[in-house]
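K.L.:
After the structure tokens below, expect a handful of questions from me.
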Amino acid sequence: MSEATVDVADLRQHGRTEDPGAEAPLREDIRLLGRVLGEVIAEQSGDEVLELVESTRVAAFGVRRSDVDRAELADQLSGLDVRAANHVIRAFSHFSLLANLAEDIHHERRRRFHRRSGSPPQPGSLAATFGILDAAGLDADAVADALTGALVVPVVTAHPTEVRRKTISQVQRQVTELIRHRDRSTEDLGADPEWAGRLWRAVLTLWQTALLRLSRLRLSDEIDEALRYYELSLFEVIPAVNAELRRALRQRWPDVGPTRPMLQPGSWIGGDRDGNPFVTADAVRRATSRQAETALGHHLAELVTLRDELSMSDRLVTPTHELYQLADASRDESPFRADEPYRRALIGVHARLAATARRVLGRVPGAAPAGEREPYDGPAELLADLAVVDASLRSHGAGALADDRLTRLREAVEVFGFHLCGLDMRQNSAIHEEVLGELLAWAGVCDDYAAQDEATRVELLAGELRLRRPLVRPDAELSELARGELDLLHAAAEQVALLGPQAIPNYVISMCESVSDVLEVAVLLKEVGLLELDASGRPSCPVGISPLFETIDDLQGAGATMTAVLHQPLYRDLVAARGDQQEVMLGYSDSNKDGGYLAANWALYRAELELVEVARAEGVRLRLFHGRGGTVGRGGGPSYEAIRAQPPGAVAGSLRITEQGEVIAAKYADPDLARRNLEALVAATLEASLLDIEGLGDGADEAYTLLDELAGRARQAYGALVHETPGFVEWFRAATPIRELGELNIGSRPPSRKAGDSIADLRAIPWVFSWSQARIMLPGWYGTGSALESWIGGDEGRLDRLRELHRRWPFLRSVLSNMGMVLAKTDLGLAARYAGLVPDEELRARVFDQITAEHERTCRMLLAVTGDDALLADNPSLARSIRNRFPYLEPLHHLQVEMLRRRREGDDDELVRRNIQLTINGIATALRNSG
């Protein structure tokens, strides 16, 4: 493709970034990759196909510049036969993918430029944050208190909106490395036939590789997919960030520093069974075992390399006595290593770790050493041996060697242990109620638990928790549901005993609404031996219980619920046994689906404020777990700004946050990206914990009252459309590809928690994903415009109050900035094409007219409050990205609508179905955060 980019007129129309010259390499990369793809298409599919693709591309960019009428392009594409449509869909899907790749490379390029030119550290980096903390003149005791138990955990979840195959990602990395190599080279590799040939072959591989999977991902595939990111970046980056953080803290406050690594990884994949029938006892065993295999395999490989590197001879240096003891314990008799004590010592360390792997996994990853050694009881013993090696090296002037691979390995063992990452368990409270009711009936304790009121349930459960005996025998005849849940919990108990308490640190209760919802889980954990009572009746449990408040009503009642839970004496004792730490999870997805964007965000903020007060009153440390998705409608957006926008006291040194879908690859597929994103999480946590970022002072209560009113108005406007408009569900299912989404092989989890045709039954991910595909993005903005307009009511004084709050308050600024991003990605011209799929003309117009009016209202009110003259005025990087990428979306949307129409009119051609799936894939790739 000769001109696969935006021309000068387009740049004039849409505005330029601050440094238009800096964009030249990006435009050149997009042009280069587009040209190579065009050459591949011409060779593989013929000049006629290339001409069709090229004319479509020119028309698509013409639509963006208003030179071509959108209806003309739609008519042109609707007349294509299914095979020609397939060529166009594949071509523009690859254009989008390559444009994304060029953007990522350009971001790296700009960061290198700023580092070389001595620019100030980028906001969100540890360097920038410590500069801010230095200027604040913080008291060491206050810092130490705030960072007690400090913890930042990104938790990878099995909510797949990542539609790319692993194979496609591998080819992308090949192209990325080629462009990076060209940028680093002092020669003009663009003119080098060998380099150009390698690039051409990579794009050819991309064109000849199927974008879609033949079968749905299995849970085992999701487990393995998540583990890839450790080799790609996390083994390197997480220990490095922890080391830098520790150094920076101790340099400023010598007595301050986390006693454990602050940054730790987590996962839900294999433990999250809420609505996923494939998460079984075997899944828990597989997930924890594969995680342990990944950690142990890494440590073993590093030990082998370290053994080869530490070749020092005791004819030249004098190791410590402890090092000689370690070397002698290896029982290595090789005459070739007689004067190499470090190699002998590390052979012994490797043999003991291999024995550990054999005990834990039943086999040794990689090459197993000869002979048998005693396994390590835990990572602390391995760390002690590595500390002996470290001290010995430093004793004879080899500190530089100790600071290299050995230090990295020690950091890795410290954070990853033998378990790699904590696997949370999660289940819906309704399942707990059903299972426990069956156990209580079998034991003769209560014939009909479900019929009991809350007070009776709490009394009954509290009584069970005081007893040390189980409710049922192992051979009890139970329903398939109850047996499956108990088997899974028994498997969790086995893995905790095998790998340690870090292997399964938390149990999350979905749709938690009451005290009994929490106590039911405690009883189930006791049933499998995880929760135990000592001789004096005091409880302990290695697994923390984390209530998840999801709907707006549950969020509004979260403070009262947790107060009542913590007033249960035995549960309070359990919290005390866990260091007076209580985790609470907050759900962004279902609260948004329930009440809309602004109402959900404010309900979360209010809930956090109340939970902070509850924790303070009850004398516990609160850790919040944020269930955020990739899109703004599910709590997405820049993590640094989102964490800094939390209310006072809500972070307090600890934070857990979910990472989902295509966001995982975008953040962690590359060490540079991973470093930047993980630093942002830690940096924001430090700032939110140690500084008064909210900045409202004495005006906080007034601001809160104002947002109470705005949120109420927004929820009413949202509910009027989504929950009260007759036929809305029918409209949604006709105007979006929600039905077809279920046919796409992107994950193991069903799109709905249970069979049903209501919005409540639908999972938040396909709900948001479908609105994104239709470019309406409704969950990220609807209702906010009505709230702002009705509250301001033409009163300039009220508008000025909102403008001042927007300037001062990070929460409001973040909420409105994220909404601006969503509105910029919304395209109601394309959305109208999807609305045309609704067969009932009256319903079609009635719903779409409401959406159109609210969109105009929301854009207008957003600009009035921010004072900007255009969307994305505060985000020129995203504005540039939209200019570069979104023209490639135009043909995909038109062809998706056309294929949906053919399919729903009865065309059962397999290629029509495949084309629909390809457009879903391509649009998700171009949008980057669609679920």
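K.L.:
Say we look at the stretch 312-346 and pick out the residues that are closer than 14 Å to His396 by Cβ and touching a residue at least 60 places away in the same chain (Cβ under 8 Å); which of these is surrounded by the most Cβ atoms within 10 Å (Cβ to Cβ)?
P.N.:
Going through the qualifying residues, I end up with Leu323.
K.L.:
Moving on to the next point. In this structure, is Val49 outside the structural domain of Leu828 (by TED's automatic domain parsing), at pLDDT 95 or above, out of contact with any strand residue (DSSP E or B) (no Cβ under 6 Å at 6 or more places or on another chain) and part of a helix (DSSP H, G or I)? Break it down stepwise before answering.
P.N.:
Numbers: outside the structural domain of Leu828 (by TED's automatic domain parsing): yes; at pLDDT 95 or above: yes; out of contact with any strand residue (DSSP E or B) (no Cβ under 6 Å at 6 or more places or on another chain): yes; part of a helix (DSSP H, G or I): yes.
Against the criterion (outside the structural domain of Leu828 (by TED's automatic domain parsing), at pLDDT 95 or above, out of contact with any strand residue (DSSP E or B) (no Cβ under 6 Å at 6 or more places or on another chain) and part of a helix (DSSP H, G or I)), Val49 qualifies.
K.L.:
How do the helices (runs of 4 or more DSSP H) wholly within the stretch 434-535 filter down when requiring 1 or more residues that are assigned by TED's automatic domain parsing to the domain that holds Arg572, of a type outside the set (Ser, Thr, Tyr) and within 27 Å of Leu361 (Cβ to Cβ): which remain? Before you say what the answer is, go through the steps one by one.
P.N.:
Numbers: elements: 454-465, 480-499, 515-527.
Per the criteria, 480-499, 515-527.
K.L.:
Any residue at all in the stretch 248-259 that is touching a strand residue (DSSP E or B) at 6+ places or on another chain (Cβ under 7 Å) and touching a residue at least 40 places away in the same chain (Cβ under 8 Å)? Don't jump to the end; show me each part of the working.
P.N.:
Within the stretch 248-259, the first condition is being touching a strand residue (DSSP E or B) at 6+ places or on another chain (Cβ under 7 Å), and the residues that meet it are none.
The answer is no, given that none of the residues of the stretch 248-259 is touching a strand residue (DSSP E or B) at 6+ places or on another chain (Cβ under 7 Å) and touching a residue at least 40 places away in the same chain (Cβ under 8 Å).
K.L.:
Suppose we filter Val496, Val528 for residues that are at pLDDT 95 or above and out of contact with any Leu (no Cβ under 6 Å at 6 or more places or on another chain); which single one remains?
P.N.:
Numbers: Val528 fails: out of contact with any Leu (no Cβ under 6 Å at 6 or more places or on another chain).
Going through Val496, Val528 in turn, just one is at pLDDT 95 or above and out of contact with any Leu (no Cβ under 6 Å at 6 or more places or on another chain): Val496.
K.L.:
Tell me which of these Ile504 doesn't satisfy, since it passes every other one: (1) farther than 24 Å from Gln291 by Cα; (2) under 28 Å from the mean Cα position of the chain (by Cα); (3) crowded, with 22+ Cβ neighbours inside 10 Å; (4) among the aliphatic types (A, V, I, L, M).
P.N.:
Result: Ile504 passes all but (1).
K.L.:
Which of the following residues is crowded, with 18+ Cβ neighbours inside 10 Å and not small (Gly, Ala, Ser): Leu498, Leu478, Leu486?
P.N.:
Numbers: Leu498 fails: crowded, with 18+ Cβ neighbours inside 10 Å; Leu478 fails: crowded, with 18+ Cβ neighbours inside 10 Å.
Just a single option satisfies the conditions, and that option is Leu486.
K.L.:
Which of (1) touching a Pro at 6+ places or on another chain (Cβ under 7 Å); (2) surrounded by fewer than 21 Cβ atoms within 10 Å (Cβ to Cβ); (3) under 30 Å from Ala564 (Cβ atoms) is the odd one out, the single condition Glu411 does not satisfy?
P.N.:
Failing condition for Glu411: (3).
K.L.:
Right, another one. Surrounded by fewer than 19 Cβ atoms within 10 Å (Cβ to Cβ), in the same structural domain as Arg290 (by TED's automatic domain parsing) and hydrophobic (A, V, I, L, M, F, W, C), is that true of Ala370? Lay out the reasoning, then the answer.
P.N.:
Values: surrounded by fewer than 19 Cβ atoms within 10 Å (Cβ to Cβ): yes; in the same structural domain as Arg290 (by TED's automatic domain parsing): yes; hydrophobic (A, V, I, L, M, F, W, C): yes.
Yes, satisfied.
K.L.:
For Trp731, are the conditions met, namely being surrounded by 19 or more Cβ atoms within 10 Å (Cβ to Cβ), at pLDDT 95 or above and part of a helix (DSSP H, G or I)?
P.N.:
Working: surrounded by 19 or more Cβ atoms within 10 Å (Cβ to Cβ): yes; at pLDDT 95 or above: yes; part of a helix (DSSP H, G or I): yes.
In short, yes.
K.L.:
Further, regarding this structure: Which one of these is of a type outside the set (Val, Ile, Thr), on the phi < 0 side of the Ramachandran plot and in contact (Cβ under 8 Å) with a residue 60 or more places away in the chain: Arg184, Arg218?
P.N.:
Working: Arg184 fails: in contact (Cβ under 8 Å) with a residue 60 or more places away in the chain.
Unique residue meeting the criteria: Arg218.
K.L.:
Test each condition in (1) in contact with a His (Cβ under 8 Å, 6 or more places away or on another chain); (2) over 30 Å from Leu465 (Cβ atoms) for Arg606 and report the one that comes out false.
P.N.:
For Arg606, the exception is condition (1).
K.L.:
Could you tell me which residue of the stretch 870-910 is nearest to the chain's Cα centre (by Cα), considering only residues that are among the acidic types (Asp, Glu) and at pLDDT 90 or above?
P.N.:
Filtering the stretch 870-910 for residues among the acidic types (Asp, Glu) gives 874, 890, 898, 905, 907-910.
Now restrict to residues that are at pLDDT 90 or above: 890, 898, 905, 907-910.
Details: Glu890: 28, Glu898: 33, Glu905: 38, Asp907: 38, Asp908: 36, Asp909: 36, Glu910: 34 Å.
Filtering first and then ranking leaves Glu890.
K.L.:
OK, next. Just for the stretch 248-272: of the residues that are touching a Gly at 6+ places or on another chain (Cβ under 9 Å) and of a type in the set (Lys, Arg), which one is nearest to Leu423 (Cα to Cα)? Outline the logic, then answer.
P.N.:
Our first condition is that a residue be touching a Gly at 6+ places or on another chain (Cβ under 9 Å); within the stretch 248-272, this holds for 249-250, 258-260, 262, 264-267.
Filter again for of a type in the set (Lys, Arg), leaving 250, 260.
Working: Arg250: 31, Arg260: 18 Å.
Ranking the candidates gives Arg260 first.
K.L.:
Continuing with this model, one more query. When the residues of the stretch 347-367 are filtered to those that are among the hydrophobic types (A, V, I, L, M, F, W, C) and over 25 Å from Leu401 (Cα atoms), which remaining residue is surrounded by the fewest Cβ atoms within 10 Å (Cβ to Cβ)? Lay out the reasoning, then the answer.
P.N.:
The initial filter retains those residues of the stretch 347-367 that are among the hydrophobic types (A, V, I, L, M, F, W, C), namely 347, 349, 351, 353-355, 357, 360-361, 364, 367.
Among the residues that remain, those that are also over 25 Å from Leu401 (Cα atoms) are: 355, 357, 360-361, 364, 367.
On the way: Ala355: 19, Ala357: 24, Val360: 20, Leu361: 17, Val364: 20, Ala367: 11.
Filtering the stretch 347-367 for residues that are among the hydrophobic types (A, V, I, L, M, F, W, C) and over 25 Å from Leu401 (Cα atoms), the one surrounded by the fewest Cβ atoms within 10 Å (Cβ to Cβ) comes out as Ala367.
K.L.:
Only one of these is surrounded by 18 or more Cβ atoms within 10 Å (Cβ to Cβ), of a type outside the set (Gly, Ala, Ser) and at pLDDT below 85: Thr925, Thr919, Thr866, Thr858. Name it. Talk me through it step by step, then tell me what you get.
P.N.:
Numbers: Thr919 fails: at pLDDT below 85; Thr866 fails: at pLDDT below 85; Thr858 fails: at pLDDT below 85.
None of the others qualify; the one that does is Thr925.
K.L.:
Where in the stretch 86-200 are the helices (runs of 4 or more DSSP H), entirely inside, with at least 1 residues that are under 28 Å from Phe61 (Cα atoms)? Lay out the reasoning, then the answer.
P.N.:
Details: elements: 126-136, 140-146, 166-184.
By residue number, 166-184.
K.L.:
Just for the stretch 225-257: of the residues that are closer than 24 Å to Tyr507 by Cα and in contact with a Lys or Arg (Cβ under 7 Å, 6 or more places away or on another chain), which one is surrounded by the fewest Cβ atoms within 10 Å (Cβ to Cβ)?
P.N.:
Among those residues, the one meeting the criterion is Glu225.
K.L.:
Quick one: Arg394 ticks every box in (1) outside any loop (DSSP other than H, G, I, E, B); (2) of a type in the set (D, E, K, R); (3) not assigned by TED's automatic domain parsing to the domain that holds Ala355 except a single one, so which number is it?
P.N.:
For Arg394, the exception is condition (3).
The values are calculated or read from the model by the stated rules, or taken from the named source; none is laboratory data. Since we're looking at a predicted model, the values are computed, not measured. Glycine gets a Cβ as well: all are built from the backbone with ideal geometry, and neighbour counts include every protein chain shown.
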